[in-house]
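What follows is a short report on a single structure.
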């Protein structure tokens, strides 16, 4: 197939898509006009039923908690899959020390401004991440959001230092254990409800005072467990990628050091 | 508010198109990170701050970093073949 035919095929397909797209847009409700009843019902009921002021987290971790359990295991499985693909293979050798620049390239040192700003950000990022995880049921945020914020902390360390600094603040084993505990804990929280004679993932913990950190029953527990799982999962993912890119080398692909 | 919404949507369209039309993967990653940042702004302006939290880390940092590390690994392999 030559270039002209491909272009003609694309234009024909593009035209067809565009027609269907316009047809589809025609049936949409107006911009900013919410048509369904469920959002309004949830907004009206969440505070009374679940003592949670963030309806999004209440929906994610309670009303449709089973779907989120599936999503959490999608994340878990994809991290494990990437980890498996990027594992150290039999004939791989480890670079020692790992080199995070191309052979023979002289990289200017990280500027003092970046190092100072980055290091100053480390503690606020951890605190903000923990806050976002713990206040999921009260303010926008929750386990997923807080988890990714926490996972950005080792990256800041890498940005102001080098790979060795990243390696020192992360632990593959601990991250994997934390990931498993987070993912498994979510499922266990659901199973405990069964022992009380309630359906799977029912909110069985006392709901507490609306507005308190320790309120909303299982929503808070699941939010914290998800935070652990997401943060640890992303760290495991980054450790695998860093190790493949900087440490493992096939025979014959070793870095040629400059004398 | 409506002006900001229109502006940020246009900005998303422009940066998204720019990412698609960038052919060099290395340049594309920088564009992708910027696109992630613009998407964060869009979620924020459309009052979805919790999505914006996830997007700013995943879209602007983690995905570009993963692509960059993959490119670095491919470069090492290329050098080994020479």
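The values are calculated or read from the model by the stated rules, or taken from the named source; none is laboratory data. All of these numbers come straight from a predicted model, not from anything done at the bench. Counting neighbours? That spans all protein chains shown, and the Cβs are built from the backbone with ideal geometry, glycine included.
Does residue A:187 fit the bill of being part of a helix (DSSP H, G or I), touching a helix residue (DSSP H, G or I) at 6+ places or on another chain (Cβ under 8 Å), more than 14 Å from chain B (Cβ to nearest Cβ) and over 30 Å from residue A:94 (Cβ atoms)? It is true that residue A:187 is part of a helix (DSSP H, G or I), touching a helix residue (DSSP H, G or I) at 6+ places or on another chain (Cβ under 8 Å), more than 14 Å from chain B (Cβ to nearest Cβ) and over 30 Å from residue A:94 (Cβ atoms).
Taken over the range A:162-184, residues that are within 19 Å of the chain's Cα centre (by Cα), surrounded by 17 or more Cβ atoms within 10 Å (Cβ to Cβ) and assigned to a helix (DSSP H, G or I) amount to 7. Here residue A:222 meets each of (1) touching a residue at least 60 places away in the same chain (Cβ under 8 Å); (2) farther than 25 Å from residue A:123 by Cα; (3) away from chain B (no Cβ under 14 Å); (4) in contact with a helix residue (DSSP H, G or I) (Cβ under 7 Å, 6 or more places away or on another chain) with one exception, condition (2).
Per the listing A:99, A:159, the residue uniquely surrounded by 14 or more Cβ atoms within 10 Å (Cβ to Cβ), under 20 Å from the mean Cα position of the chain (by Cα) and modelled with pLDDT under 90 is A:159.
For the range A:130-146, name all the residues that are within 11 Å of residue B:54 (Cα to Cα) and more than 9 Å from chain B (Cβ to nearest Cβ). Across the range A:130-146, the qualifying residue is only A:143.
Results for (1) touching a helix residue (DSSP H, G or I) at 6+ places or on another chain (Cβ under 7 Å); (2) within 13 Å of chain B (Cβ to nearest Cβ); (3) over 30 Å from residue B:3 (Cβ atoms), shown as yes or no for each residue.
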| residue | (1), (2), (3) |
| --- | --- |
| A:29 | no, no, no |
| A:56 | yes, yes, no |
| A:61 | yes, yes, yes |
| A:67 | no, no, yes |
| A:77 | no, no, yes |
| A:80 | no, no, yes |
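Close Cβ contacts (under 6 Å, 6 or more residues apart or on different chains) running from residues in the range B:60-71 that are within 7 Å of chain A (Cβ to nearest Cβ) to residues that are buried (at least 20 other Cβ atoms within 10 Å of the Cβ) and at pLDDT below 90 comprise B:69/A:245. In the set A:121, A:86, only one residue is at pLDDT below 95, surrounded by 14 or more Cβ atoms within 10 Å (Cβ to Cβ) and more than 24 Å from residue A:176 (Cα to Cα); that residue is A:121.
Just one of (1) assigned to a loop (DSSP other than H, G, I, E, B); (2) closer than 19 Å to residue B:70 by Cα fails for residue A:107. It is (2).
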